[in-house]
Amino acid sequence: MVKRLLPLALFAFSLHAQESFIALKYGLTSLNNDGVDFNNNSFEADLTVNGNYNILPRLGLAYVSIDEKGESVSSLLQLTAEGLYDVEIESPLTPYLFGGGGYEHVSNARKDFDSQFFIDAGAGVRYPLNDQLKLVSELKTLYMLGGNNQDSELVWYIGLGMPIGSSEVAYRDSDGDGVLDSADACPNTPYNTSVDSRGCPIKAYEITADSDHDAVPDNLDSCPHTPVDTPVDINGCPIAPQHTAHNEAKIKKTVVKDSDGDGIEDRLDKCPNTPKGFSVTSSGCPVKKRLEVHFDADSAVVTFASRPKIRAFADYIKHYPNAYITVVGYTDTSGSREKNRILSQKRAQNVRRLLIEFGLKPSHIDAIGKGELNPIAPNDTPEGREKNRRIEVIIH
């Protein structure tokens, strides 16, 4: 059995998935069903793979040393498959819950203490010691399914965890476009080029933002700062009024109605209830919005004050079930460029998880981090840096 378990475990730990996290832990196991008696040394290694899901898959391999004082059992080897859920709080500590099952191989098994399957559950915390290393502690219980006299176990662990490989590998973005190499369909895009969620340059005719809401997209607008409700020509420039009695009567007769105030009159607006703050296409449908999501400096935890705004955005998107969303995270210029991009990726992923929690489809949401690219304010003042620590959502 051990020979069959080890190749599977080694294969699991050789995975090099994006944001995979490995932990090595030492603990004490209690096998006493009549009380808690932590007198068995335990060692465990586990791998958690972050695939942008709420429940993260985790594989574990544990060794428990047994001293039965003259009886036969000498050790336990446990292989587990679990799901792990991070509990988001405004603290450096990250609490988490987990549960699953596995198989326990008993060395030198005896009657009423033999190899068997089990289910397990528990809770733990992670605390960052630096950018890479985290202190891990957890408590879990195992319930055996084989009918042995030893029908439960309790184990407490403490150890260290870190991403597999270096952050440069796990988060590598060779062309600096905000899309990781592992997901980049166009890996050699020139620096500071606008790209889509696949990492490919956005063609001019695909850029449909309309900053001054004059129904002429920015990429075709020769006068991009026209005041709202100003008549414009095909190039987006104001039309000089001709003050004749006939024209004035015609203007008075023409009533332009724009119920949602997005710059597109109702008769041309295919999305007539767009909330304020969105950039829209010439048909009035949203393409990009800056979400008022706030983060502390050097933190990826979404503040509680920001959650209602994310929920409101999710409630709006539910009216468009076929919409696809890209959550884009940005930072200020404090720290290194690579560290900022990793931080912005984590911020975007946390917002994505909340959108899923509030009812949007996981398959319809991508998350990318662009670090300090595309600032909307100067980075030489605290106010400007705060504005640049932002989240934008692009609707496709």
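Each reported figure results from applying straightforward, stated rules to the coordinates on display, with no laboratory input. Quick caveat: nothing in here was measured; it's all calculated off a predicted structure. Positions of Cβ are backbone-derived with ideal geometry, glycine not excepted, and every protein chain shown enters the neighbour counts.
Listed values, structure above:
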read-out: Whole-angstrom Cα spans of the stretch 282-396 along principal axes, big to small; value: 40, 32, 24
read-out: For Val195, distant residues with modelled amide H under 5 Å away; value: Ile202
read-out: Burial ordering of Leu135, Leu142, fewest other beta-carbon atoms within 10 Å first; value: Leu135, Leu142
read-out: Cβ crowding within 10 Å averaged over residues, with 117-130, 361-374 ranked highest first; value: 361-374, 117-130
read-out: 5 angstrom amide H check on Asn50, placed H, neighbours 5+ away; value: Ser20, Phe21
read-out: Peptide ranges 100-108, 318-326 listed from the most packed, as the mean C-beta count within 10 angstrom indicates; value: 100-108, 318-326
read-out: Unit charges on C-beta of K, R, D, E only; dipole of the stretch 340-395, Debye; value: 200
read-out: Bins of 10 Å from zero: percent of alpha-carbon pairs in the stretch 121-160; value: 27, 35, 23, 12, 3
read-out: Phi-based couplings in Hz for the stretch 319-331 (Karplus 6.51, -1.76, 1.60; Gly and Pro marked x); value: 6, 10, x, 8, 6, 10, 10, 10, 8, 10, x, 10, 10
read-out: Counted charge near Arg385, where neighbours are those whose Cβ lies closer than 14 Å (Asp, Glu -1; Lys, Arg +1); value: -4
read-out: Selection from Ala314, Gln345, Val393, by position along the positive dipole direction of the stretch 280-396 (Cβ); value: Ala314
read-out: Residue-by-residue Karplus 3J(HN,Hα) for the stretch 390-396, coefficients 6.51, -1.76, 1.60, Hz, glycine and proline x; value: 9, 10, 10, 10, 10, 9, 9
